[in-house]
Each structure stands twice: as structure tokens, then as C-alpha cells.
Amino acid sequence: MVELLIAIAVLTLGIGAVSSTLVTSSSLNRSSREAMIATSAAQNVLETLHAEPFEDVFATYNSSAADDPLGAGSAPGPAFAVPGLDVQVDDPDGFVGEVIMPGPGDLLLEDVGDADLGMPRDLNADGIVDGADHATDYTVLPVRIRVAWRGAAGDQTLEFITTLTRRR
Amino acid sequence: MSRCAAGKRAAAGFTLLELTLALTLVGVIAGSIGLVMKTCSRALRAGASGAALESNLRRSMDFVCDRLRAASTSTLVPLTESPFSTTQIDFQRAVGGVGPSVVWGNPERILFEYSPGETDDGVDNDANGLIDEGRVVWIQNAGSANETRATLCNWVREYFEGEEDTGVDDNGNGRIDERGFSIDIEGNRAHVRLSLERMDSDGRSIVRTLERTVTFRNQGDDLP
Amino acid sequence: MKLRVRPHRPRSVHLEAGSALLMAVFVVGSLMMLSVALLATSTSSSREQSANTARQRAFYLAEAGVSEGLTALRAGATGNIGSIATPAYLGTGVFWVEATPSGNETTLLVSAMWGSGRAGLEVVVGEVRSQPFGGMFDAYEDIVIGDEVFIDAFNTWLGPYAPQVVNTENGVDFAHERGRVRSNGDVDIGADTNIIGKARPGPTSSITLGPGAYVSQSTTPLADYIRLIPIEVPTLVSLGPYSVPPGGSRSIPPGSYGFDDFGIGDSGELTIVGPATIVVASYTQGAGGRLLVDATAGPVTIYCTGAFAYDATAEIDTLMGAPLDLAFMCTTTGSIDFAPSTTFRGGLFAPGADLTIGEDSEIFGSIVASRITTGDRARFHFDEHLLTREITSPEDHEIVSWTVVEAAGGQFNALRQDPFELLGLDRGSLPRPSDAWDL
């Protein structure tokens, strides 16, 4: 009887451990898939930025609709959805993805402090770093693509950073 | 009474209740073990299949996009513009620059082929549970004496996930009847779509899909 | 003596002793093995995904390196950005650029590291060589093409236009298929107009085709705006005004000349022998006035800094056997008008002007203006020989070619540690990209 009880206890512990492993494995698989979706989405946005005429990138992806190249409200703006990823609970705009450029959203500023974006820096090749808006005369544009989602392993964030300039 | 007789009395069988209880307990435990083993085994196979499919999908897509990125619209054949797409594309990648000119590499081709044993007939010819599935193949120097081929991935669906051969945009993505592997050109970028599908050991379909955009980084000799 | 009798245990109890626990341990062991395999598969997949993400992040850091190198070249620097010992810090990763100049080109070898990811790019950057005449029409604003207009291409190097008309498309005969029309703005094409070539509006603009209009090639919007090529007028001392009297004839030999007002009087004839560069304050070609160009030894370029007037009955021609290599480079921002039934030959580069071409006119050459408007039934033939014209801007650079290569990290490429650990770098002391030029 004692032996049987011990055997049952061992089995129970073992099954519990296996179940826990199944859950962990499933969670890992899901996280892996989410990361693949997030990476792909960020890449797609970056490639689209490369395809845009360089002079239009800021106006297309900033938070102001007034300067959209094809007419007010026609540009996608800074936020983008990613099918397959859920928004974080405290996300301010309800979108998983965001295009972030130096400045408060509708202005392009040189004197922003952001070491990961290489800021502050001269954006319009005039040799100085000032506090003016360079939305129409920038010659180099640091960009951050952020994807933040609520995943199987909790809240996750993925960021891609690059710098754009006119290629030709 | 002798002790031997007492021992015999103590060892004499189990009551029906004890037996029933024991058998029930053993049955439940054995059943649980069996269920867990089956679940674990199924999860392993499904997880491994899904993970393998995803890994295959990602690697194939990365390969195609990396190759196309170094090409130019001037080297593409055909130049199929959205909303229509192609399942085969010929191109050349830049391998360097000499003076003001691009040096183009060997001609390359990426295309969808029906899997060996499969044909475009709406029937599961190879009895693997999939209909008209194919593979994505990469060819260098197609048609020449030094042609080389490599299969990038198998299990490619005939049509993109959510799409059928109806002549309309079934999945609402702005494309019409795009295939399981398809490329369409929009300006100086390509949209690449890939859907893989296979059946797991329980006969359930596992589908993994990826869509990517890639911008051509080179400009050909043909001015825009 | 007491007899001690051991209790008699049934055989079955002896046989059952310990087997339940053994079975339990065996079963749990099997389950553990299965679950370890499952976990290993999932972990491997997760690790592969992480490695892939790191690789992609490194790739876009390398692209940032290309942008930085290009920006540095345009600012007059060498294009070198940091080094493997002191790379530039960006996006929690690092990159550096090695620039190797060669003639008019510079090769940038970019290496980037992010986490376990490594990326390398090789980009050849050249001085901008602009072709001012790349097609029939280039406009920095809108193009409006009338009804029943025809546009194709030919090559004056092969001789006159008519013998080159050997092809047919959409029921019309044409010479070559490069009658390209480009605009940074909208393109409006009239009814029954045939364009044998491309007709492309600006990246954010559109094209309108009238009933029966036909364009043989692409009509999709341009990916990038047409960039204004500045006209650098040569500095030449003016020799005063120059004119060919009505009915008279004069000749200008090869060389460079500056004049004030320049004119060919009615029925006058001027011969210019190339290579010749002429700067004029205004250009007038009167009724029946003829300009003959001999470009056998080199091209003829006339820079006009003021008004440009060309009479409907004026003529421009090439001497027998020579291609018509003639270009007018006009800096005027006013209007240039070709009256109806005008025949004009040559390239006309007037990026600041509003240009109007009257109905029933015929142009052999190329037109670049701010805005272009054509009348009905006009015919245009792009002269492909004008493609040989190039303007080089040493101050500006553009990417000639872009290729993926192995990162120049040497032994560090195979090691997948974080670059800060691997290279012994202090993240806080690394320069920003803009501070790493020529470091």
C-alpha cells in the first residue's frame, strides 16, 4: 500500500512536470511565431520606407495629416497594425507598430536626445544642430520601427533602427 | 490456533470492494498516463511539424528577398505589376560596380514547380493529403550548360492562404488569385508571398504563411 | 523453549513487492524523455528565430552605415565611418565603414553587428552623372499633351528620321521605342495620341489618358522625383552682341565664345562648327533663319541666360553625314513659346521655363522644362544621340551599385557573442555615427 502510494505520488509529479513542459513548449512555439510575425512586419515597413521618395518619408509617416504628399489624410502615418499580434493593454494608440523619427511626431528636430538613434545630430547638412523644424529640408533621417505586442510570454517589444538618405 | 493458520487467514484474497477500487484506480492512472503520453507525443509531432514548416518558410522567404533586394526592375522578367502576380521570375543581382556602371551577376530564376508526382489537376496525385502542392526552386544560369538548381522549400500550397482560383480577390488583400508562391511588382519594390501547408500525423492541416515587401536597391541601365 | 513461528506471507505478496514503483518510474522516465524532446524542438526554433531577428537588425544597421557614408561623402569627407576598434554606436549595435576611392567612384564596405547578427554591404558610390536629355519630355511640374500627338524616338547618328521608321505599333509607324515622357507632376494625354515609350507621372501624381490615347510602355508613377540638374553656365568674357544680318551668312569656328544678344536674322544662315561652347544673353532665330551645325568633331552647346525666341519658319539642320549634336541650355524662368507648325531640332534644356509648343509642330531632339504644353497634332521624335550628353556634379554622389558581402569582422563574424563583449567596447564611450566620420 505504501509502495502504491509512493508510485502514485511519483506518477502525479511526473505528469505534472510533463504538463508544465507542454505548456512551456507551447508558449515557446507561440512566442517564436510572434517574433517571426513582428520581425516580418518591421522589415516590411522598413522596405516601404526605402521605396518612398526620400523627401516624402517624413511627411508620409509623421503624426500630422496636413502635410501628407497625396493630400491631407492620405498617408499611413506613424502607426500600423500587425495581423496576428495583439495590442498591449496600456498601448496609447491601439496599434502594435509605430514609426518613430526624431521629434515630437509632427516636427523633425535635431536637438532630440536619443543615443540609440544617434541623436542629437545635424539633419540638414548645414553644419549646426539647432532647435528648428527640419521636416522639409532634411538630408538624413534616423528612423526607429517599434513593434510592441501582448504575447504568450507577456508584453514584448521589438525595435529596428536605421538611417535613411537620398540614394540617387 | 497455529500462527500458520492465522497467516493463511490474513492472506486470503481481497474483498470485491478492494478489487473494484484497485482496478478503478489502476484504470484511471493508466488512462491518464496514456492520455498524457498521447498528448505529449502528438504535441511533439505537431510542434515539430509546425516549427519545421515555420523555419522552412522563414529561411525560404529570407533567401528570396535577399536575392531580389540586390536586383533591379531593369533586370526582372516578367515585370508583373500589381494586382497581378507571377510564380516565376528571372533577374540578375548586382555583384559590384565598375566605374559608373553596375556589374550584373549570372541570370537567376526563382519559380514555383509542382512537386514530383503532382500535376495541376485538382487531385491529390501523391496521396499525401494535399492537392496540387509544389515547391519553390532557385535556378542559376537556367537553360545553359552550367545550370544549377536548389529547392528552397517543399509543401508550397497551390494558392495563397485564403485565396482560390475564382478570378476575384478572395482574401481581400488587393491581389487576384495569387498563388502559394507569388511575386508582384509595385514601382521599385516586390511583394513576395509564400504559403506552406502539410498534414500532421493525425491528418490535420498545418498552414504557415508569410508576406514580405522588398525594395530593389539597384537601379539598372534603363532610366525610369 | 518458545517456538517462534514467522507469519506466513502469501506468494503473491512477495511477487508484487516493488513493481508498482518500478513501473511508475519507467513511465515517468518515458514521459520525461518525450517532453525533453518537445522542449528541445521548441527551444531550437526559438533560438533560430532570435538569431534571424539579430541578423535582420544587423542588416538595417549596415544600411544605416551606407547612408552615413554617403552623407559624409556629400559633405566632403572621405566616407570612412569609425573602425572595428572604434565603431559607431546606433540602435544598441555597432557599424563601421571603410571607404576606398578609385577615380570618380568610392567603394564603401560597411560592416554591422547586433547581438549575434552580422551584416556586410559593399556599395559603389559615384559622382552624379546626370543625363539632361533622357527622353522626349522631362518636366518638373505638369505635362499636358494635346490630341492626335505622336511621340517616338530615333537616332540622328544613324541618319535622318524617315529611313528609321520601320516599325509599327497600334497601327502607327514609328522608328524607336524610347519616346519617354516624365514629370514630377501630372501627365495629361489627349485623345488619339500615341506615345511609343513610357509616360510616367510623379511619385504622388497621376496620368490621364484621353479616349483612344495609347502608351506602349509603363504609365506607373515614378519611384523618385526627377531631380533638378543645375545649369552651370561657363564664365566667358562677352564679345558683345552677335547677329547674322537678314539674308546674310556667317560662321563660328570651334571654340568657346561669350556674347550679349545673339540672333539670326530673317533668312539669314549661321554655321557653327563643333566643338563649340557659346554663352549668350538672349537667342533669337528669325523667320526663315537657318542654323547649320557641324558636330563631326564635337558637340555644340549654346547657353542662353535670357529670352529664347524661335520663329515658326526657322530651321536647324546638320551638315551632311554628321549627327545633330546640339543642345540649348536655358536658364530663363519665363516662358518659351514655339508657334504652330514650328520645326525644331536639338536638345532644349530649360528647367525653369514654361514651354508651349504650338499645334502641328515637329520636334527632333529633347525638351526639358518646368511645365510643358503641346498643341494638337504635334509630332515629337526623341534623338537618342543626346543620351551621350552628361553633366557631372563632383559635389554630389549617388549609389552606383549595392551588394551584400561578408562583414569585415574577420574572426569575429563566426563568434556570435554580443559585439560589445566580443570587441571589448564600452557602449557609453562609442561615438555617434555623425561623430565617427574619418575617425
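The values are calculated or read from the model by the stated rules, or taken from the named source; none is laboratory data. Model, not experiment: these values are computed from the prediction. Note that we place each Cβ from the backbone using ideal geometry, even for glycine, and neighbour counts take in every protein chain shown.
Numbers below:
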quantity: Some residue of segment C:20-36 being over 30 Å from A:VAL2 (Cα atoms) and more than 8 Å from chain A (Cβ to nearest Cβ); calculated: no
quantity: Residue that is nearest to the chain's Cα centre (by Cα) [pool: residues in segment C:74-114 that are within 12 Å of chain A (Cβ to nearest Cβ) and surrounded by fewer than 24 Cβ atoms within 10 Å (Cβ to Cβ)]; calculated: C:ARG74
quantity: Count of segment C:223-264 residues which are surrounded by 14 or more Cβ atoms within 10 Å (Cβ to Cβ) and at pLDDT below 90; calculated: 7
quantity: Filtered residue count, segment C:218-236, keeping only those that are out of contact with any helix residue (DSSP H, G or I) (no Cβ under 8 Å at 6 or more places or on another chain) and closer than 23 Å to C:LEU348 by Cβ; calculated: 12
quantity: Some residue of segment B:196-210 being in contact with a Pro (Cβ under 8 Å, 6 or more places away or on another chain), more than 14 Å from chain C (Cβ to nearest Cβ), closer than 20 Å to B:CYS65 by Cα and surrounded by 15 or more Cβ atoms within 10 Å (Cβ to Cβ); calculated: no
quantity: Hey, A:ASP93 surrounded by fewer than 19 Cβ atoms within 10 Å (Cβ to Cβ), over 30 Å from A:ALA152 (Cβ atoms) and either more than 14 Å from chain B (Cβ to nearest Cβ) or among the acidic types (Asp, Glu) (or both) or not; calculated: no
quantity: Segments classed as strands (runs of 3 or more DSSP E), wholly inside segment B:138-224, with at least 2 members that are touching a residue at least 12 places away in the same chain (Cβ under 8 Å) and more than 17 Å from B:LEU57 (Cα to Cα); calculated: B:181-186, B:189-199
quantity: Hey, C:GLN164 of a type outside the set (Asp, Glu), under 17 Å from B:GLY187 (Cα atoms) and surrounded by fewer than 19 Cβ atoms within 10 Å (Cβ to Cβ) or not; calculated: no
quantity: Matching residues, segment B:137-183, being surrounded by 17 or more Cβ atoms within 10 Å (Cβ to Cβ), out of contact with any Asp or Glu (no Cβ under 8 Å at 6 or more places or on another chain) and β-branched (Val, Ile, Thr); calculated: B:ILE183
quantity: Strands (runs of 3 or more DSSP E) contained in segment C:348-439 and holding at least 3 residues more than 30 Å from C:THR305 (Cβ to Cβ); calculated: C:391-405
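Rundown of residues vs (1) at the interface with chain C (Cβ under 8 Å from one of its Cβ atoms); (2) farther than 24 Å from C:GLN56 by Cβ; (3) in contact with a Gly (Cβ under 7 Å, 6 or more places away or on another chain), yes/no style:
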position	(1), (2), (3)
A:ILE15	yes, yes, no
A:PHE54	yes, no, no
A:GLY73	no, yes, no
A:PRO76	no, no, no
A:ALA79	no, no, yes
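Quick grid of which residues meet (1) more than 14 Å from chain B (Cβ to nearest Cβ); (2) in contact with a Lys or Arg (Cβ under 8 Å, 6 or more places away or on another chain); (3) closer than 29 Å to C:PRO351 by Cβ; (4) part of a loop (DSSP other than H, G, I, E, B):
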residue	(1), (2), (3), (4)
C:GLU141	yes, yes, yes, yes
C:ASP147	yes, yes, yes, yes
C:ALA153	no, yes, yes, no
C:TRP157	yes, no, yes, no
C:THR168	yes, no, no, no
C:ARG178	no, no, yes, yes
C:ASP188	yes, no, yes, no
